[in-house]
Every structure is written in structure tokens, then in C-alpha cells.
1. What's the total number of residues in region 1-15 that are at pLDDT 85 or above and farther than 21 Å from Val40 by Cβ?
2. If I filter region 22-35 for residues that are modelled with pLDDT of 85 or more, outside any loop (DSSP other than H, G, I, E, B) and surrounded by fewer than 10 Cβ atoms within 10 Å (Cβ to Cβ), do I get at least one hit?
Amino acid sequence: MLASNALLIVTAFGLYYIGREGLRHWAGTLHVALGFGFPVVLAIHVFRGRRHHAEQVTPSTSITLGPPRRDGSAANPKAATSRWPSP
């Protein structure tokens, strides 16, 4: 992500400061390709990461964090003790 943003910045400066038409065309093409391609790659990355995370975390292994409930029980029913004192 850092590299693609750096390339977008460099090509933007190139579009603004390059005077030769050949290099300007190359910088413009690269800038447009990165600009339209980056959101697609980011969306695929997020989708795959969420799917992978969902496969790794099952309801039996997930932990619910938070203070104890008003009835004195822990926020996570499987937790033996709570860090917070009961009210």
C-alpha cells in the first residue's frame, strides 16, 4: 500500500513537472492504472482477509470482552473469573 501510494505521488509530480511528451504520456498512463487498480486490489485484499479471519475464528474460540453484566455474571459466559469487580 505504501509503495503504490508513493508511486501515485511520484507519477503525479511527473505529470505536473515533466515537459517531454513521451515521459508525460508514460507517467499519465501509469498514474491512471495505479489510481483505478489500487481500489480494486484493496477491495480484494479486504474481502480475502475477512474471509480468512472468519474461517479461523469460530464462535467457540471467540472471546467477548467487556465489563461484567449487571446480574454479576461475566460478559463471556465461559470465563471463570472477571477482572472487574461486580457492582
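The values are calculated or read from the model by the stated rules, or taken from the named source; none is laboratory data. Small disclaimer: the values here were computed from a predicted structure and weren't measured. Quick reminder, even Gly has a Cβ in these numbers, built from the backbone with ideal geometry, and neighbours come from all protein chains shown.
1. Here the count works out to 1.
2. No, there is no match, as no residue in region 22-35 is modelled with pLDDT of 85 or more, outside any loop (DSSP other than H, G, I, E, B) and surrounded by fewer than 10 Cβ atoms within 10 Å (Cβ to Cβ).
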